[in-house]
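The values are calculated or read from the model by the stated rules, or taken from the named source; none is laboratory data. Model, not experiment: these values are computed from the prediction. As a convention, Cβ positions derive from the backbone with ideal geometry for all residues, glycine included, and neighbour counts pool all protein chains shown. Side chains included, ligands, DNA and RNA excluded: accessible areas come from the protein's heavy atoms. Shrake-Rupley method; radii C 1.70, N 1.55, O 1.52, S 1.80 Å.
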Amino acid sequence: MTEFSLPRKGSDVIVDPFGRAVTYLRVSVTDRCDFRCTYCMGENMTFLPKADLLSLEELDRLCSAFVRRGVRKLRITGGEPLVRRDIMTLFRSLSRHLEAGALDELTVTTNGSQLARLAHELYDCGVRRINVSLDTLDAEKFRAITRWGSLDKVLAGIDAAQAAGLKVKINAVALKGFNEDELAAMIRWAHGRDMDITFIEVMPLGEIEGQRADQYLPLSEVRTRLAQEFTLEDIPYRTGGPARYVSAKETGGRIGFITPLTHNFCESCNRVRLTCTGTLFMCLGQEDAADLRKPLRASESDEVLMQAIDEAISRKPRGHDFVIDRRTRQPAVGRHMSVTGG
Ligand code: SAM
Ligand code: SF4
């Protein structure tokens, strides 16, 4: 692992051409997953050959370079990050940046399937908050949406996470005809367990079976319906991400809405995304990317890598242009969410 040094001050923090400081890095550590959620992946996915993946040491070196350039928040994601072999080695080594005060948060987005096994260790590595993706509380529907996942296992994982002291936020994709009737019950369940819940609009990423328009449920519609059951109040709470929060008076809990389609949130985007092969995507919804693997491997010093990072950020676009309608049959970008990291 490379030697760590404190972030350099002021102008060294990376700022993109639109004046947005890049302080948040999301890292997809694998494109593989133990589930095949129907809105995320096709049934028969071709995954990357394992030989193409960056090693955990290389991922650590890349993340550490970003931390030195002012990134304060790291989210490990995938695919399913917790199925990558020895993944806790990466958490363990990245935790040194928390201890040094160079990083505010090390966190993970997971489907929850491995949490019963790993929750304690995550906490031990300095992780304090995690996102667990869960789209339904009905075991049969859960099996259908994930194509073979076990709801019990995920619920046991959430239990273990809370018992370990991790703050859990639930992320649910709002899907037309699938969970729209269940969202109020999911709110009551989550808030009853002291968990925030955030709803996400389905995004047109990657080819899947079926049509996106059949899955797409605008959150503006969801909010209107929820307002019939709950007294919702806009609140200024932010977690550094694109979610806009409301509180529900009846439960006392928070509900987040991530609305890439009905409300474009790009103007405050502070993040970039790194794939498990070392490709940096400056925007989830655009094809442009920068290869950081080559500069990473070109030299043991980080100089070339730092130059490549600067050059990449100078190309960060203003925003995405997602569209979901019946005429637009192509996804906005060809890669799946599991490649770029959700
Ligand atoms: N496997 C982990 C999980 O499910 O939390 C991490 C990766 S997953 C790609 C991250 C998030 O992206 C999940 O909350 C998932 O529901 C969401 N997601 C996947 N495909 C999506 C799509 N096309 N539109 C919106 N959200 C999507
Ligand atoms: Fe796997 Fe997460 Fe995609 Fe579901 S959403 S298939 S759990 S990567």
**Request:** Please specify each residue of the stretch 72-100 satisfying the condition of being assigned to a helix (DSSP H, G or I), within 13 Å of ligand 2 (Cβ to nearest atom) and open to solvent by less than 20 Å² (accessible area, probe 1.4 Å).
**Result:** 81, 82
**Asked** So residue 250 clears everything in (1) farther than 20 Å from residue 189 by Cα; (2) open to solvent by 70 Å² or more (accessible area, probe 1.4 Å) except one condition, right? Which one?
**Response** (1)
**Asked** Residues in the stretch 126-148: is at least one more than 15 Å from ligand 1 (Cβ to nearest atom), closer than 30 Å to residue 312 by Cα, touching a helix residue (DSSP H, G or I) at 6+ places or on another chain (Cβ under 9 Å) and modelled with pLDDT of 95 or more?
**Response** yes
**Message:** Could you check the stretch 200-216 and list, in sequence order, the residues that are assigned to a loop (DSSP other than H, G, I, E, B), within 11 Å of ligand 1 (Cβ to nearest atom) and either at positive phi or out of contact with any Gly (no Cβ under 9 Å at 6 or more places or on another chain) (or both)?
**Reply:** 202, 206
**Prompt:** If you take the residues in the stretch 16-36 that are over 15 Å from the mean Cα position of the chain (by Cα) and either more than 16 Å from residue 280 (Cβ to Cβ) or small (Gly, Ala, Ser) (or both), which one is farthest from ligand 1 (Cβ to nearest atom)?
**Reply:** 19
**Prompt:** Do you know which residues across the stretch 169-196 are surrounded by 14 or more Cβ atoms within 10 Å (Cβ to Cβ), under 18 Å from residue 107 (Cβ atoms), free of Cβ contacts under 8 Å to residues at least 60 places away in the same chain and more than 12 Å from ligand 1 (Cβ to nearest atom)?
**Reply:** 195
**residue 211 in contact with a strand residue (DSSP E or B) (Cβ under 6 Å, 6 or more places away or on another chain) and farther than 24 Å from residue 192 by Cα** = no
**Fill in**
Result of the Cβ filter at 9 Å on the stretch 32-52, keeping first residues that are aliphatic (A, V, I, L, M) and partners that are within 16 Å of ligand 1 (Cβ to nearest atom) and not in a loop (DSSP other than H, G, I, E, B), at least 6 apart or interchain, is 41/337; 41/338; 45/338; 48/339
**Asked** Do you know which residues across the stretch 143-168 are within 15 Å of ligand 2 (Cβ to nearest atom) and surrounded by 20 or more Cβ atoms within 10 Å (Cβ to Cβ)?
**Response** 145, 146, 149, 154, 157, 158
**Message:** Can you say whether residue 103 is open to solvent by less than 20 Å² (accessible area, probe 1.4 Å), assigned to a loop (DSSP other than H, G, I, E, B), free of Cβ contacts under 8 Å to residues at least 40 places away in the same chain and not basic (Lys, Arg), as far as the supplied structure shows?
**Reply:** yes
**Message:** Suppose we filter 312, 243, 289 for residues that are within 14 Å of ligand 1 (Cβ to nearest atom), at pLDDT 80 or above and closer than 25 Å to residue 109 by Cβ; which single one remains?
**Reply:** 243
**Asked** Quick one: how many residues across the stretch 119-138 are assigned to a helix (DSSP H, G or I), open to solvent by 60 Å² or more (accessible area, probe 1.4 Å) and either at positive phi or of a type outside the set (Ser, Thr, Tyr) (or both)?
**Response** 3
**Item:** Candidates 45, 41, filtered to the one that is open to solvent by less than 30 Å² (accessible area, probe 1.4 Å) and within 12 Å of ligand 2 (Cβ to nearest atom)
**Value:** 41
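Residues are listed down the side, and each one gets a yes or a no for (1) on the phi < 0 side of the Ramachandran plot; (2) in contact with a strand residue (DSSP E or B) (Cβ under 8 Å, 6 or more places away or on another chain); (3) open to solvent by 70 Å² or more (accessible area, probe 1.4 Å):
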| residue | (1), (2), (3) |
| --- | --- |
| 222 | yes, yes, no |
| 225 | yes, no, yes |
| 228 | yes, no, yes |
| 238 | yes, yes, yes |
| 243 | yes, yes, no |
